[in-house]
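As structure tokens, the structure follows; a few thoughts come after it.
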Amino acid sequence: MKVYPIAITFIFSIAGQSTAFTVLPSSTSTTTTTLVPTHVVPSGVARSITSHGFSSKHGPTTALSLTSTSTSTSALASTSTTSSTSSSSLLFPQPRRKTLHHLTATALSPMDDSSSSSSNKGLFTFQTKFGYLNPFAIYYGLTSILLGLPWFVVLTMCQIMYKITNNAWDKMRRVPIFFSHIWGVLLLRLTRSYPTVEGMEILDKFYKEGRTGMFVANHNSWMDIPFMGVTVGWRNYKLISKAELGKVPILGKAIALGGHVMVDRSDRKSQLKTLKMGMQWLKDGVHLCAFPEGTRSKTGRLLPFKNGAFKMAHKVGAPIVPLSIVASGKAHPSDWMFPRMKSHGVCKVIVHEPIESEGRTEEELAELVRNAIIDGLPEDQRPLPDE
């Protein structure tokens, strides 16, 4: 187990892991200097040097870009680029010069500031092979495990009943869903992680009309699963998940016994089987829940949707209810074992109007749903223009 207190990380990065740079001058009237590190900066440290002093930002950095603006009276005639290597390492900020108006260093690779910033992780944060932990994460993990013990007992009893009755008891697999929902609600309440839900009046109307549909949402955190569950409410629903989740202790048992739709993306025959299974659940009046991106977004931005994500709803003609999940990645970044902070007051779920499948192609349906989800996301979670 590795411990990375902020103070030790900062001192180590400045004194012990100083970086030598190669200087590449540009042939323009405004001198642009690019710094290419010849020694990798330790995980999590990026430097920001300005004319007002020196500061340290934390975030995974593999390269730094240094831009220097100064007044030049002549242009370089040669188009060739010459390089020279700095004779000394950059240990401390250099004295300011009159010709230096602005000097910045920025990471070349964009990263979500909530997922990897050491300064945001806190003084009592430490790293394990399963991810980062802090006091709140430990509390959340212990709470989930303690609540999981009676949950596991109930699931085992359900498993015995299904075996004794040859699946004649609880054919709709409502009992495992009910107790799984209890576990999720208690966990979110006890850890102050219950999200704010906007647009519940849309769901109230949807349910009063006795309609069945598919709920789809963006996905960048483990918290998205319980968030979606508490939004759908005390109803029978099945999650469309990848088969790997079946290996997670207790959760895997709940997925299997609850009749959730597990997709093995490496097996074409399995995909066809799960397609028919999902369509049958919709016909039987059971809601489906899906994350069409197919995986969690590491940056927090919406990823492209997988082909066929809405095929079940489209073939049955069931409506789709888009959900925008906001800031779940800030509460539980991808490199953390458990959530690093409470979600209440930070995360929220926005319910959008149902989108009808009938009279539309699958591609048109996917585009409408995607646009609805994007409308509810903040700017830092929306996809980039070229995505």
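At GLU356 and ASP386, where each label point lies 7 Å from the Cα along Cα→Cβ, what is the point-to-point distance in nanometres?
Between GLU356 and ASP386, the label points sit 4.0 nm apart.
Can you tell me, using C-alpha contacts under 8 Å and at least 6 residues apart, the relative contact order of the range 137-206 as a whole percent?
Working: 26 pairs, mean separation 26.6, N = 70.
Dividing the mean separation by the residue count of the range 137-206 yields 38 percent.
Could you give the length gained by full extension between GLU379 and GLU367, i.e. 0.36 nm per residue of separation minus their alpha carbon distance, to one decimal place?
Values: separation 12, 0.36 × 12 = 4.32 nm, distance 1.87 nm.
Taking 0.36 nm per residue and subtracting the Cα distance, the gain is 2.4 nm.
Calculate, in nm to one decimal, what THR143 and PHE126 gain on full extension: separation in residues at 0.36 nm each, minus their alpha carbon distance.
Numbers: separation 17, 0.36 × 17 = 6.12 nm, distance 1.93 nm.
Result: 4.2 nm gained on full extension.
What is the range 194-297's relative contact order, in percent, from Cα pairs under 8 angstrom and six or more apart in sequence? Please report the intermediate quantities before stating the final value.
Values: 105 pairs, mean separation 43.3, N = 104.
Averaging sequence separation for qualifying contacts and normalising by length gives 42 percent for the range 194-297.
Under a crude label model (7 Å from the Cα following the beta-carbon direction), how far is THR196 from ASP335 in nanometres?
2.9
If you average the alpha carbon positions of the range 219-243 and of the range 315-374, how far apart do those two centres end up, in angstrom?
Centre-to-centre distance over Cα atoms comes out at 10 Å.
Using 0.36 nm per residue of separation minus the Cα-Cα distance, give me the extension gain between LYS171 and TYR207 in nm, one decimal. Could the numbers behind the result be given before it?
On the way: separation 36, 0.36 × 36 = 12.96 nm, distance 2.18 nm.
Gain in length upon complete extension: 10.8 nm.
Which of the residue pairs LYS238/LYS342; LYS163/LYS330; LYS205/LYS247; LYS242/LYS342; LYS129/LYS311 have a Cα-Cα distance greater than 31 Å in the structure shown?
Values: LYS238/LYS342 26 Å; LYS163/LYS330 42 Å; LYS205/LYS247 37 Å; LYS242/LYS342 27 Å; LYS129/LYS311 38 Å.
From LYS238/LYS342; LYS163/LYS330; LYS205/LYS247; LYS242/LYS342; LYS129/LYS311, over 31 Å: LYS163/LYS330; LYS205/LYS247; LYS129/LYS311.
Mind checking the range 189-288 for chymotrypsin sites (Phe, Trp or Tyr not before Pro) that DSSP puts in a loop (not H, G, I, E or B) and that have at most 15 other Cβ atoms within 10 Å? Working shown, then result.
Details: sites: PHE206, TYR207, PHE215, TRP222, PHE227, TRP234, TYR237, TRP281; in loops: TRP222, TRP234.
Within the range 189-288, the qualifying chymotrypsin sites (Phe, Trp or Tyr not before Pro) (loop, at most 15 other Cβ atoms within 10 Å) are TRP234.
Within the range 224-246, find all residues whose amide N lies under 18 Å from a label point positioned 7 Å from the Cα of ASP267 along Cα-to-beta-carbon.
240-246
Identify the GluC sites (Glu not before Pro) of the range 324-364 meeting these criteria: DSSP loop state and at most 10 other C-beta atoms within 10 Å of the C-beta. Intermediate results must be reported in sequence, preceding the final value.
Details: sites: GLU356, GLU358, GLU362, GLU363, GLU364; in loops: GLU356, GLU358.
Of the GluC sites (Glu not before Pro), the ones in loops of the range 324-364 whose Cβ has at most 10 other Cβ atoms within 10 Å are GLU358.
Where a number appears in this text, it was derived from the coordinates with a stated rule and is not lab data. Since this is a predicted model, take the numbers as computed values, not measurements. Note that we place each Cβ from the backbone using ideal geometry, even for glycine, and neighbour counts take in every protein chain shown.
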